[in-house]
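The values are calculated or read from the model by the stated rules, or taken from the named source; none is laboratory data. In this text, all values refer to a predicted model and were calculated from it rather than measured experimentally. Methodologically, a virtual Cβ is constructed for each residue, glycine included, from the backbone with ideal geometry; neighbour enumeration extends over all protein chains shown.
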Amino acid sequence: MKNLVWKYDSLPHALICGGTGGGKTYFLLTIIEALLRTNADLYILDPKNADLADLGTVMDNVYHTKDDMIDCVNTFYEGMVARSEEMKLHPNYRTGENYAYLGLAPQFLIFDEYVAFLEILTTKESTALLSQLKKIVMLGRQAGYFLIVACQRPDAKYFGDGIRDNFNFRVGLTKELQDLNADTIRTDIPTSVTVTNVLVWNVEQSGMDDFTVAYEVDQQVKEGEQTQAVTEKYTVTVHVDKDGAMVITQNPTLAPAVQKSKYEPKVQEADVSVSSDTVKDATAFLETFFKLYPTTTEKELAYYVKDGVLAPVSGDYVFSELVNPVFTKDGDNLKVSVSVKYLDNKSKMTQISQYELVLHKDDNWKIIE
C-alpha cells in the first residue's frame, strides 16, 4: 500500500478542474481535511455560499461575500510580503532555505468556483484581483504561501499573464466523467445538502500510475422541513502522471461500509519500580515541554529533544493537561506513554495527541526517542 502525497513545497499551487457534479468540492474537502491535520493555516473562499462556506461554523477565515473575499485575497498577499521581509531578518535565515527551515507554518488560500467569482467582478476589481493572485503564485513558494483554485474550465482569460502554467499540481475529471455527471444534479427534487465531514480511510496503489481512494462523506440532507444525517462510502480512482499531475478516472462509486475492528490495544501498566519522585519530576518536565511545544522553533526544541526526534509544529494550540502518563523503566532511560490535551484556537476544538517517548536525564530531562 502507498499513500498519495502532494509535496507542495516542490509542486506549489493546485488547480482543480471539472464540470458541475464532477467531485471538485469533495476533492477540496479531502484536501482541507488533510491540511487540518498539519500546522497549516487555511483561508477559504466560496462565492456560491455552498458546502465550503458551511465550514465557517467550525473554522475561522471562511468567506463567501464579494467584499470579504477581495479583502481576504489582499490580506493573504500582504501576509506573504510581510513574511518574506521577516524571513530575511530571522537569526536562522540562510540563502536558499524556505519558510519550513525557519519553522514557519504554510499558508493556503483555497478558492472554490474561481471563474464564477471573476464573472461577478467589475473590470477594475477583476484586474486588481488577478494582479494579487499572480504575485502570490509567482512569489509565494519561498514564503510558504500557496494557492488552491477550483473551477469548471481553466480558460486562459481567467489566468492572466500565463500564471496558469505556474500551478504545478493539477487535478481534473476526464471528459468522459464530466459527460457522465452532467445530469446528476436534480432540479425536480427540492433538496439541499451540506457536507459535514470527509474521512479518507485508505489510499492503495491499483496500477502502475493509478491509486484507489476509499473515503466516507457525512452529509445533512434537507428536503422541505425534514433534515436527516446521511453517511455514504465511496471509492474513486486517481491517475498520477510523471509530472505529479492528477486526474480522477473513475466516478465516486458506492462502496461497502467500513467494518469496525474488534481489536482492543493492550492497556499499558505503570512500572512500580519507578519511584514517585521520578514520576513527579518527569511529569513536570513533560508539562513544561508540551506547554512550549506548539510555538518552539527548531533551535529552541534542541534543548528538550535529541537529534530532531520531534519536529516543530508551529500551531496555535493551548496546552490543557497530560492524560494518564504511564512510566516504565528502560535501562537508564524512562519510557512514557502519554496523551496530551490541547485547545486548537483555529477550530476551537479539543485536540488530543498520543505519544510514546523515551526520556533520559543527565543534568536535565531530554526526549531521546
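Key figures
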read-out: Number of positions in segment 208-228 that are in contact with a strand residue (DSSP E or B) (Cβ under 8 Å, 6 or more places away or on another chain) and in contact (Cβ under 8 Å) with a residue 24 or more places away in the chain; value: 14
read-out: Sole residue being outside any helix (DSSP H, G or I) and surrounded by 14 or more Cβ atoms within 10 Å (Cβ to Cβ), chosen from Lys260, Lys341, Lys266; value: Lys341
read-out: Every residue from segment 207-221 that is surrounded by 14 or more Cβ atoms within 10 Å (Cβ to Cβ) and either of a type in the set (Lys, Arg) or over 16 Å from Pro256 (Cβ atoms) (or both); value: Asp210, Phe211, Asp218, Gln219, Gln220
read-out: Residues of segment 93-149 satisfying the condition of being within 25 Å of Thr38 (Cβ to Cβ), free of Cβ contacts under 8 Å to residues at least 40 places away in the same chain and part of a loop (DSSP other than H, G, I, E, B); value: Tyr93, Arg94, Gly96, Glu97
read-out: Every pair of residues 6+ apart whose Cβ atoms lie under 6 Å, when the first sits in segment 346-369 and is without any contact (Cβ under 8 Å) to a residue 60 or more places away in the chain and surrounded by 14 or more Cβ atoms within 10 Å (Cβ to Cβ) while the second is among the polar types (S, T, N, Q) and assigned to a strand (DSSP E or B); value: Val358/Asn333; His360/Asn333
read-out: Residue check, Pro325 of a type outside the set (Phe, Trp, Tyr), part of a strand (DSSP E or B) and touching a residue at least 60 places away in the same chain (Cβ under 8 Å); value: no
read-out: Filter result for the condition that a residue is in a loop (DSSP other than H, G, I, E, B), in the same structural domain as Gly207 (by TED's automatic domain parsing) and either surrounded by fewer than 17 Cβ atoms within 10 Å (Cβ to Cβ) or modelled with pLDDT under 85 (or both), over Thr38, Thr25; value: Thr38
read-out: Only listed residue being surrounded by 18 or more Cβ atoms within 10 Å (Cβ to Cβ) and touching a helix residue (DSSP H, G or I) at 6+ places or on another chain (Cβ under 8 Å), chosen from Ile44, Ile31; value: Ile44
read-out: Pairs where the first residue, in segment 53-73, is over 20 Å from Thr25 (Cβ atoms) and the second is assigned to a helix (DSSP H, G or I) and charged (D, E, K, R), C-beta under 7 Å, 6+ apart; value: Ile70/Glu125
read-out: Residue within segment 214-223 that is modelled with pLDDT of 75 or more, closer than 30 Å to Ser10 by Cβ and either of a type in the set (Gly, Ala, Ser) or in contact with a Cys (Cβ under 7 Å, 6 or more places away or on another chain) (or both) present; value: yes
read-out: Output for segment 286-304, where each listed residue is surrounded by 17 or more Cβ atoms within 10 Å (Cβ to Cβ), assigned to a helix (DSSP H, G or I) and in contact (Cβ under 8 Å) with a residue 40 or more places away in the chain; value: Leu286, Phe289, Phe290, Pro294
read-out: Yes/no for Pro312 being touching a helix residue (DSSP H, G or I) at 6+ places or on another chain (Cβ under 6 Å) and modelled with pLDDT under 85; value: yes
read-out: Members of segment 271-280 that are in a helix (DSSP H, G or I) and surrounded by 15 or more Cβ atoms within 10 Å (Cβ to Cβ); value: Thr278, Val279
